[in-house]
Structures are given as C-alpha cells and as structure tokens.
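*Asks:* Could you have a look at this structure, given as structure tokens, before my questions?
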Amino acid sequence: MPRCAHVDGLPAAQPEPPICEECLALGRPWGRLLVCLTCGWVACSDDAQGGHARAHYQETDHPVAGDLEPGSTWRWCFVHRRTV
C-alpha cells in the first residue's frame, strides 16, 4: 500500500460502540462501519445512505478511518482518497 503520513502518529483511539449514531437517529440501517483512527468515532461508510464516516472527516479533519471488523487492517485516508 502507498505510504501516507496521515497514518504516522495516530493516537490509540478506542472505538465507540459498533453502531452508526447518525443512522440510528434517522431510523436507517447502516452497512459497513468505520472507526475514526483519531478519536474512535464509529460511523457508516459511503456504502450506506448516510456516508457518516466521510461527514465526520469533513467536520473534524480527522484523516484516516479503519474498518471496524475484528482483525481487519483496511484503512482509508480521506485526504488522499485511497487505502493506506
């Protein structure tokens, strides 16, 4: 995978509960969940109606999210728009 400086120095964020609070509030189902690797916020990916993980990035500038699935090493950099 390409190197991304946004991954360097990420804090050890603890994920919040495995639900998308935004979708829950709207009464919508969510698909794949992502965790913000800066603060631990959990939200739905762009595969869902809301795309709340991207919205979190746009609101906070927290650049990297990871798949919430146990054992997954997949990470997405919103700045570079690619896996890292």
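*Asks:* Quick one: what does P(r) look like for segment 21-83 with 5 Å bins over all Cα pairs, in whole %?
*Replies:* 4, 21, 31, 26, 14, 4, 0
*Asks:* Then there is this: Hey, if you put +1 on the Cβ of every Lys and Arg and -1 on every Asp and Glu Cβ in segment 21-83, which of ALA65, GLY40, GLY50 ends up farthest toward the positive end of that dipole?
*Replies:* About the Cα centre, the residue reaching furthest to the positive side is ALA65.
*Asks:* When only DSSP loop residues count, what trypsin sites (Lys or Arg not before Pro) in the chain have their Cβ near at most 12 other Cβ atoms within 10 Å?
*Replies:* Hits after loop and neighbour filter: ARG3, ARG81.
*Asks:* OK, next. Return LEU24, LEU33, LEU68 ranked ascending by Cβ neighbour count within 10 Å, so the fewest neighbours appear first.
*Replies:* The fewest-first ordering by Cβ neighbours comes to LEU24, LEU68, LEU33.
*Asks:* Rg to Rh ratio, segment 1-56, alpha-carbon atoms and Kirkwood radius?
*Replies:* Value, to two decimals: 1.03.
*Asks:* If I take every Cα pair under 8 Å that is 6 or more residues apart in segment 21-83, average their sequence separation and divide by the length, what percent do I get for the relative contact order?
*Replies:* After rounding, I find 26 percent.
Read the figures in this text as sums done on the coordinates, not as results from a lab. All figures in this text were calculated on a predicted structure; none of them were measured in a lab. As a convention, Cβ positions derive from the backbone with ideal geometry for all residues, glycine included, and neighbour counts pool all protein chains shown.
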